[in-house]
Amino acid sequence: MDYFNFREGELYAEDLKVRDLAEKYGTPLYIYSQSTLERHLRAFERALAPHPHQVCYSVKSNSNLAVIALMAKLGVGFDVVSEGELRRVKAAGGDVRKAVFSGVGKTDEELRYALNEGILCLNVESAEELAAVSRTAASLGVKAPVALRVNPDVDARTLPAISTGLKNNKFGISIEEAFALYLKMAEDPHLKISGIDCHIGSQMTSTLPILETADILIKLYKRLKEHGISVDHIDLGGGLGVTYDAEMPPSPDDFFSGIIERFRGLDCKIFIEPGRAMVANAGILACKVIYKKHNGDKKFIVTDGGMNDLIRPALYNAHMTIVNAHERPESGAERCDIVGPVCESDDFLGRDRLLNAEDGDILAVRGAGAYGSSMSSCYNSRRLACEIMVSGASARVVRRRQSFEELWERESV
Ligand code: LLP
């Protein structure tokens, strides 16, 4: 559930009219709802309440400082995948000691930075990386907290591009190799075994894959215990899906109830790394209709928001719901593609949609809070969009629109 609702034919972000916000701040405009973010976090916390746990918000899904700061204020930890994300957490006032660091290609510099800052856990993805962590920790004279990211070879039953837990994916370490590495780690004075980690994929709409994964990880946990190795947490990663179209993902309560049952009696915390389910429906992208045009029978609505602002449709052929912020009669709806101004045929926000819109109308792409702004670019020398956070009847800019000069300020002739 989110707080972007229609009242008498007008779309509101909490208590503010989306058309007014578009007028005031310009378009394309990312609008986030603070109450929705808070509500989603509460849902995760409630679902995990019966067992000791830590929610680590996955920064890549929306890395705006205001979002990170809100999460930090609510006591959440973080999942980061680069030094840049870790520095963002710090810049937003988040606690690095509550952050886990994932990713297959951490450099020595990144490892050094994370260890110096007191990272909670490094989620290590290969034997090669483990050697680098040990080396870096030794050079710093610290003991590095480590979890191995296990690749359980479970099908997350999601889009291939966002599936990560199959053995042909680049992510993680097979169970057998992980077991052998844990034994090795126990002998390494520069490493502290902290957890078992996993992330099998994103936009999951069924609970079966995550339950299958939990069973595999708990089995490994028990096997390690028999060998005198204990871990303080099992990290199940992110992955809970959202409704973009007709998907019916489980609620956090339903997603985690089977997990809670499996962890009962285990002296081991549950970590999770949600991104999308936390922020997707807490954001919309508002764009203005520039022209309506047609090529033969094919109709297009051209907006000022394009694939550089929101790449999910172009990159994954992902469906995102698009509505007119000012409802117009359905009788006037036409079948059309909603496209951006970028010079690529794949620059679209939605294809084959029934929509009634006129020049100057504001369209809202729903579910744009996750992997929207964080994946945006300046392609075609288009400036990064403005982002605002709405709370009740107030709005504040959390990223101003980039200036033209900022597009080339780091370049020289
Ligand atoms: N943890 C790790 C290690 C991850 O790789 C990811 C996402 C997450 C947590 C958060 O997953 P979530 O709860 O958001 O599903 N750009 C794609 C999604 C890529 C996901 C990458 N990893 C999209 O727009 O659909």
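The values are calculated or read from the model by the stated rules, or taken from the named source; none is laboratory data. Because the structure is a prediction, the values reported are computed rather than measured. Every residue, glycine among them, receives a Cβ derived from its backbone with ideal geometry; neighbour counts consider all protein chains shown. When the accessible area is computed, the model is the full protein with side chains, heavy atoms only, and any ligands, DNA or RNA have been set aside. Shrake-Rupley method; radii C 1.70, N 1.55, O 1.52, S 1.80 Å.
A few comments on the model shown:
- In sequence order, calculated HN-Hα J values of region 125-139 (Karplus, 6.51, -1.76, 1.60; Hz; x Gly/Pro): 10, 6, 4, 5, 5, 4, 5, 5, 5, 4, 4, 5, 4, 4, 5
- Unit charges at the beta carbon, dipole of the chain: most positive-side option, PRO249, ASN356, ALA99: ALA99
- Inter-label distance, LYS298 to GLU261: 5.1 nm, where each label sits 7 Å from its Cα along the C-beta direction.
- Helix-derived mean residue ellipticity, 222 nm - over the chain, DSSP H n ≥ 4, -39500 (n - 2.57), to 500: -8500 deg cm²/dmol
- Average accessible surface area per residue within the chain, 1.4 Å rolling probe, Å²: 43
- By the compact-protein rule of thumb, 2.2 N^0.38 Å, the alpha-carbon radius of gyration of region 218-275 corresponds to a ratio of 1.39.
- When a 1.4 Å probe is rolled over the protein heavy atoms, the share of accessible surface on region 103-272 that falls to carbon and sulfur comes to 52 percent.
- GLU117/LEU65 FRET efficiency (R0 30 Å; Cβ-Cβ; nearest 0.05): 0.95
- Rounded to the nearest 20 debye, dipole of the chain from Cβ charges on Lys, Arg, Asp, Glu: 540
- Amide H contacts of LEU191 (H built 1.01 Å from N, under 5 Å, at least 5 apart or other chain): ALA144
- Cα centroid of region 1-53 to Cα centroid of region 326-402, whole Å: 16
- Taking 0.36 nm per residue of separation and subtracting the Cα-Cα distance, full extension of the segment from ARG97 to ARG399 would add 106.1 nm.
- Shape category assigned to region 322-413 from the gyration tensor of Cα positions, a/c cut at 1.5: oblate
- Most to least packed among 330-342, 9-21 [average Cβ atoms within 10 Å]: 9-21, 330-342
- Sorted from greatest to least, the principal axis extents spanned by the alpha carbons of region 1-145 come out as 63, 39, 25 Å.
- Hypothetical label at ALA246: residues of region 178-207 whose amide nitrogen lies under 19 Å (7 Å Cα-Cβ projection): 204-206
- Pairwise FRET efficiency - ASP359 versus LYS170, Cβ, R0 = 56 Å, nearest 0.05: 0.75
- Peptide packing: for 146-153, 209-216, 89-96, the average count of neighbouring Cβ atoms within 10 Å per residue gives the ranking 146-153, 209-216, 89-96, highest mean first.
- Largest-first ordering by accessible area, 1.4 Å probe, given options ASP267, ASP297, ASP254: ASP297, ASP267, ASP254
- Kirkwood Rh in Å, taken over all unlike Cα pairs in the chain: 22.4
- Dividing the radius of gyration of the alpha carbons in region 118-245 by their Kirkwood radius gives 1.00 for Rg/Rh.
- Modelled label positions at PHE6 and GLU334, each set 7 Å beyond Cα in the direction of Cβ, lie 2.1 nm from each other.
- A Förster distance of 30 Å, applied to the separation of the beta-carbon atoms of SER377 and VAL104, puts the FRET efficiency at 0.85.
- Fraction of beta bridges assigned by DSSP in the chain that are antiparallel (%, nearest 5): 50
- Approximating the spin labels as points 7 Å out from Cα along Cα→Cβ, the THR321-to-ASP352 distance works out to 2.0 nm.
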